[in-house]
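Participant: This is the structure I have questions about; it appears just below.
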Amino acid sequence: MKRHAQRHPRTKLLAATLAVLVSTTAFAAARDDLLAAYSAAAKSGDPHFAGFSATRGEAFHRQSFAGGKADTPACTSCHANDPRKSGQTPAGKAIDPVALSASPGRYADPAKVEKWFKRNCNDVLGRQCTAQEKGDWLSFMISQ
């Protein structure tokens, strides 16, 4: 009986560890699929497309644009300059960090990612983001 009690906590720990590994793998696969779709779209729009760049994504994240809303000229208007930190909307609502290291479940649901790209790109740029801009920005967030 005592021996069974000692194994039980280990079994729970093993099950929890496996659940984390499975969900982490599923999240990574969803992000990989999303980047592959953006890559295919970028290639169809530009045959010279050579891949995404976290460096370009970082520059995009920090750049100010004139085409969107006056109170959101850059991604950093709401999302922190350091993507590992929380941000805040102009109305004062807190926003979880956008860096993957700080929010591991982010970017695992393609529909949610597209919803936020559509809304945020229109607010910041005054237009939809291109597939390359999305892939570059996402590459930057994954690297953080």
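Throughout, read-outs are computed from the coordinates displayed, never taken from laboratory work. Since the structure is predicted, the reported quantities are computational estimates derived from the model, not experimental observations. Note that we place each Cβ from the backbone using ideal geometry, even for glycine, and neighbour counts take in every protein chain shown.
Participant: Would you work out the relative contact order for region 30-105, in percent, from Cα pairs under 8 angstrom that are 6 or more residues apart? Each step should come with its number before you reach the end.
Facilitator: Numbers: 69 pairs, mean separation 11.4, N = 76.
About 15 percent, as a whole number.
Participant: Let me ask something additional. Determine the dipole magnitude for region 31-84: charges of +1 sit on the beta-carbon of Lys and Arg, -1 on that of Asp and Glu, nothing else is charged, the reference point is the Cα centre, and the result goes in debye to the nearest 20.
Facilitator: 60 debye
Participant: Could you derive backbone 3J(HN,Hα) for region 129-144 from the dihedral phi with the Karplus parameters 6.51, -1.76 and 1.60 (θ = phi - 60°), listing whole Hz in sequence and x where the residue is Gly or Pro?
Facilitator: Once rounded to whole Hz, the list reads 6, 6, 4, 5, 4, 4, x, 5, 4, 5, 4, 4, 5, 5, 7, 8.
Participant: Something else: Can you list residues whose amide H is under 5 Å from I95's amide H, if they're 5+ apart or on another chain and H is modeled 1.01 Å from N?
Facilitator: Long-range HN contacts for I95: G87, Q88, T89.
Participant: A follow-up question, please. So, in nm, how far is label F49 from label R127 when the simple model puts each one 7 Å beyond its Cα toward the Cβ?
Facilitator: The two pseudo-label positions are separated by 1.6 nm.
Participant: Across region 24-144, what fraction of all alpha-carbon pairs, as a whole percent, falls in each successive 5 Å bin from zero upward?
Facilitator: Reading the bins upward from 0: 2, 12, 20, 26, 22, 12, 5, 1, 0.
Participant: Kindly state, to the nearest 0.05, the FRET efficiency for S64 paired with S39, given R0 = 25 Å and r defined as their beta-carbon distance.
Facilitator: Numbers: r = 27 Å, r/R0 = 1.08.
Step by step, r from the Cβ atoms, then E = 0.40.
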